[in-house]
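> My questions will all concern the structure given below.
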Amino acid sequence: RTPILGYSLNVLPEPHFLNWQQDPYGNWVARLVFPERADKLEIEVDLVTDLTVINPFDFFVEEYAEKFPFTYAPSLAKELIPFLETAPLGPRLDAWLAGFRATIEPGENTTLLLVRLNQLLQSQIKYLVRMEPGVQSPEDTLGNASGSCRDSGWLLVQILRHLGIAARFASGYLIQLVADVKALDGPSGTDRDFTD
């Protein structure tokens, strides 16, 4: 949803071969092949983007899905099979889901339920920068009550799928810029620009 106005990818060492491919989800993936051994790898991505404020609630919900729980139309349900597949349910996630399900009012507005779910996870899972590769299991994220954005994202995907809501995992860039105006209430955010 953020328009990319300019993009460049610079890779060392030379020589190398670069091929762009699409994964099954439509994401573009750069595949690099290096014909010779090297002792250094450098990848530099430069982006120019339009970081205008976007209303996250500027969408329509199909009428059948306005109230939770809902059932996908058979043809859509078939297409969503990969996004409804759940990982094995551990005891922590099972208990968390049971507690959350107990708070759901039959016929609750689906969008408000999703907002409430996000707020609850944000209050329970502390964000941390985690440099280790891979994604924590939902059991680890709940047990530690902390995780990186990818860990919280995977936990959220699994919660949604167990609730019967199709979800997929996507990654991207984190860009945090110093606010132009100091916040009137709540935290002002970062005191320096950074990306990850």
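The values are calculated or read from the model by the stated rules, or taken from the named source; none is laboratory data. No experiment lies behind these values; they were computed from the predicted model shown. Cβ atoms come from the backbone with ideal geometry, glycine included; neighbour counts cover every protein chain shown. Only protein heavy atoms, including side chains, enter the accessible area calculation; ligands, DNA and RNA are left aside. Shrake-Rupley method; radii C 1.70, N 1.55, O 1.52, S 1.80 Å.
> List every residue whose amide H lies under 5 Å from the amide H of THR49, counting only residues 5 or more places away in sequence or on a different chain, with H placed 1.01 Å from N in the peptide plane.
Counting only residues 5 or more places away or on other chains, the set is LEU5.
> When the accessible area of the chain is split by element with a 1.4 Å probe, what percent falls to carbon and sulfur?
Roughly 56 percent, rounded to a whole number.
> Let me ask another. Multiply the residue gap between VAL48 and ASP180 by 0.36 nm, knock off their C-alpha separation, and tell me the result in nm, one decimal place.
45.7 nm
> Can you list which of the chymotrypsin sites (Phe, Trp or Tyr not before Pro) found in region 1-93 are DSSP loop residues with at most 12 other C-beta atoms within 10 Å?
Filter output for region 1-93: TYR25, PHE57, PHE59, PHE60.
> Check cross-link reach from LYS126 to the aspartates and glutamates: straight Cα distance under 19 Å, and skip same-chain residues fewer than eight apart.
Within the straight-line limit of under 19 Å, LYS126 reaches these aspartates and glutamates: GLU139, ASP140, ASP151, ASP196.
> Among 97-110, 155-168, what's the highest-first ranking by average C-beta atoms within 10 angstrom per residue? Intermediate results must be reported in sequence, preceding the final value.
Values: 97-110: 12.0, 155-168: 18.8.
Sorting 97-110, 155-168 by mean packing, highest first, produces 155-168, 97-110.
> For the chain, what does the relative contact order come out to in percent, with C-alpha contacts under 8 Å and a separation of six or more?
Reported relative contact order: 15 percent.
> For the chain, take the alpha-carbon Rg, divide it by the Kirkwood Rh, and send me Rg/Rh.
1.00
> A further question follows. Could you work out [θ]222 nm for the chain from helices alone, using -39500 (n - 2.57) per DSSP H run of at least four and dividing by all its residues? Round to the nearest 500 deg cm²/dmol.
The helix-only estimate for the chain comes to -8000 deg cm²/dmol at 222 nm.
> Test of the criteria: in region 27-71, which trypsin sites (Lys or Arg not before Pro) are in a DSSP loop and have at most 16 other Cβ atoms within 10 angstrom of their Cβ?
Those satisfying the criteria are ARG37, LYS40.
> Leaving ligands and nucleic acids out of the surface, order VAL11, VAL181, VAL48 by accessible area at 1.4 Å, largest first.
Greatest to least solvent exposure: VAL181, VAL48, VAL11.
> Calculate, axis by axis, the spread of Cα positions in region 97-157 along the three principal axes, and write the results as whole Å, longest axis first.
Each principal axis gives a Cα extent; for region 97-157 these are 41, 19, 17 Å.
> Can you run phi through the Karplus equation (6.51, -1.76, 1.60; θ = phi - 60°) for region 118-130 and list ³J(HN,Hα) in whole Hz, with x for Gly and Pro?
Using θ = phi - 60°, the values come out as 4, 5, 5, 4, 4, 7, 9, 10, 6, 7, 9, 7, 10 Hz.
> Another question, if that's okay. Checking the a/c ratio against 1.5 first, then a/b against b/c, what shape does the Cα gyration tensor give for region 42-143? Let's see the in-between values first.
Working: a/c = 1.61, a/b = 1.19, b/c = 1.35.
Oblate shape, in that a/c is at least 1.5 and b/c is the bigger or equal ratio.
> Please report Rg (one decimal) and Dmax (integer) in Å for the Cα set of region 19-66.
Using the Cα atoms of region 19-66, the pair Rg, Dmax is 19.5, 57 Å.
> In the chain, what percentage of the DSSP-assigned beta bridges are antiparallel, given to the nearest 5?
Close to 90 percent.
> Over the C-alpha atoms of region 93-196, what are the Rg and the largest Cα-to-Cα span, Dmax, in Å?
So, for region 93-196, Rg and Dmax equal 15.7, 45 Å respectively.
> Another question about this same structure. What accessible area per residue comes out for region 33-97, rounded to a whole number of Å², with a 1.4 Å probe?
Normalised by residue count, the accessible surface of region 33-97 is 84 Å².
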